[in-house]
Amino acid sequence: MYLLFDIGGTKFRYAVSRDGETIEEPVILSTPKSFEDAVKVFSKIQKELRGEPLKAVAVGIAGPLDEQRSMLVASPHIVSWVQKPLKKELERIFNVPAYLGNDSMFVGLGEAVHGAGQGYPIVAYLTVSTGVGGARIIEGKEDRSALGFEPGHQIVDFKSDVSCGPGCKGKGHLESFVSGTALERRTGKKAREVLDPTIWEELAQVLAVGLNNTVMHWSPDVVVLGGAMILGTPSIPWDSLNSYYQKAVTIFPKPPPLKKGMLRDIGGLHGALIFAKQKEDV
């Protein structure tokens, strides 16, 4: 049995896979803001499993990891988790190998293998939600990287004074314009409460710039987009985004198509399962 986690800046999802192929109904919690509270949640889950045999734990988490993939090294949204021994604590609690990866990478892996990116050799995945993350997936596997992938922290306005938040000191980043956190900071409302279409249209324009940059660097066969700012209601207008994107990507005669993610809230859990099985095969 595999235990799978998808830990974002807002939501904490977990589920089990008993057969290594299918995922049971996930449990959804609010992400604990403190690492100490998170350890308590992990311990509670371990007790709930009642001694069922585990093969591995796989955790997708919001933010870049250290070279050993043992802990977060930065995070705008769960700051108190940074530099805490996450892998060590998981292996202590569950007594099995724990595999960590970026949460958006896991969703991208799930979409590339089972979702909207299926059949495309090179998939660029971006999630636009509480923050903005993403990854490059090649032939159903995470592309190699030295430090991980952080497309949300590309600079789209070098003159801007707008910062991402306490976990990122940079300014003018894509995340600081189009994420749910940025929208709330700008309007004082949750994204679902923002009904002004002109605001959403502007987000489409800015996101299109970020997508152009991502395509220029990653040269994918397809770009898959997910997250509440894309799939929720209201959301960044898809037709407008596609139009601005087509106009932005001028160097290629035919830009890679944009597709909405298909796996919704369980994409990260699918990716976690794929990742754990790939690690076991190494």
The long-range amide H neighbours of LEU72, using H built 1.01 Å from N in the peptide plane and a cut-off of under 5 Å, are GLN83, LYS84, LEU86
What does the charge dipole of the chain about its Cα centre add up to, to the nearest 20 debye, if the Cβ of each Lys and Arg holds +1 and the Cβ of each Asp and Glu holds -1?
400
Per the 1/(1 + (r/R0)^6) rule, R0 = 22 Å and r from the Cβ atoms of MET262 and SER34, FRET efficiency to 0.05 is 0.05
quick shape note, region 121-261: Cα extents on principal axes in Å, largest first -> 41, 32, 27
In region 164-253, what trypsin sites (Lys or Arg not before Pro) fall in a loop by DSSP, with at most 15 other Cβ atoms inside 10 Å?
LYS189, LYS190
Please give the contour-minus-distance gain from ASP281 to ASP196: 0.36 nm per residue of separation, less the Cα-Cα distance, rounded to one decimal in nm.
25.6 nm
The exposure ranking of ASP103, ASP19, ASP265, fewest beta-carbon neighbours within 10 Å first, is ASP19, ASP265, ASP103
Karplus couplings for region 48-59 from phi (6.51 cos²θ - 1.76 cosθ + 1.60, θ = phi - 60°), rounded to Hz, Gly and Pro as x?
5, 6, 6, x, 4, x, 9, 9, 6, 10, 10, 10
Can you give the percent of C-alpha pairs in the chain whose distance is more than 31 Å?
24
For region 32-43, Karplus couplings with θ = phi - 60° (6.51, -1.76, 1.60), whole Hz, Gly/Pro x:
x, 6, 9, 5, 4, 5, 5, 4, 5, 5, 4, 5
Taking H placed 1.01 Å from N in the peptide plane, check which residues at least 5 places from ALA56 or on another chain put their amide H under 5 Å from its amide H.
LEU3
Loop-resident GluC sites (Glu not before Pro) in region 119-178 with no more than 15 other Cβ atoms inside 10 Å, DSSP not H/G/I/E/B, are GLU139
Inter-site label distance for LEU54 and ASN95 at 7 Å from Cα along Cβ, in nm
1.1
Flagged as over-length at 23 Å C-alpha distance, from LYS40/LYS87; LYS33/LYS190; LYS40/LYS169; LYS87/LYS141; LYS33/LYS87; LYS159/LYS190, the pairs are LYS40/LYS169; LYS159/LYS190
Long-range amide H contacts for VAL224: which residues qualify at under 5 Å (H placed 1.01 Å from N, peptide plane, sequence gap of 5 or more or a different chain)?
ALA124, TYR125, LEU126, LYS259
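How would HIS114, HIS217, HIS270, HIS77 line up from fewest to most surrounding beta-carbon atoms within 10 angstrom? List each step's numbers first, then the result.
On the way: HIS114 18, HIS217 12, HIS270 25, HIS77 22.
Least crowded to most crowded, the residues run HIS217, HIS114, HIS77, HIS270.
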In whole angstrom, the spacing between the Cα centers of region 1-32 and region 95-125 equals 14
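Tell me which GluC sites (Glu not before Pro) from region 198-282 have a DSSP coil assignment and no more than 10 other beta carbons within 10 Å of their own.
For GluC sites (Glu not before Pro) across region 198-282 that sit outside H, G, I, E and B with at most 10 neighbouring Cβ atoms in 10 Å, the list is empty.
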Fewest Cβ neighbours within 10 Å first, please rank ILE45, ILE7, ILE28 accordingly.
ILE28, ILE45, ILE7
I'd like the Karplus ³J(HN,Hα) series for region 67-74: coefficients 6.51, -1.76, 1.60, θ = phi - 60°, whole numbers in Hz, and an x wherever there's a Gly or Pro.
4, 7, 6, 10, 6, 6, 10, 6
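Since every read-out is calculated from the coordinates, none of them should be taken as a lab result. Bear in mind the structure is a predicted one, so any value in this text is a computation, not a measurement. Reconstructed Cβ throughout: ideal geometry from the backbone, glycine too, with neighbour counts over all protein chains shown.
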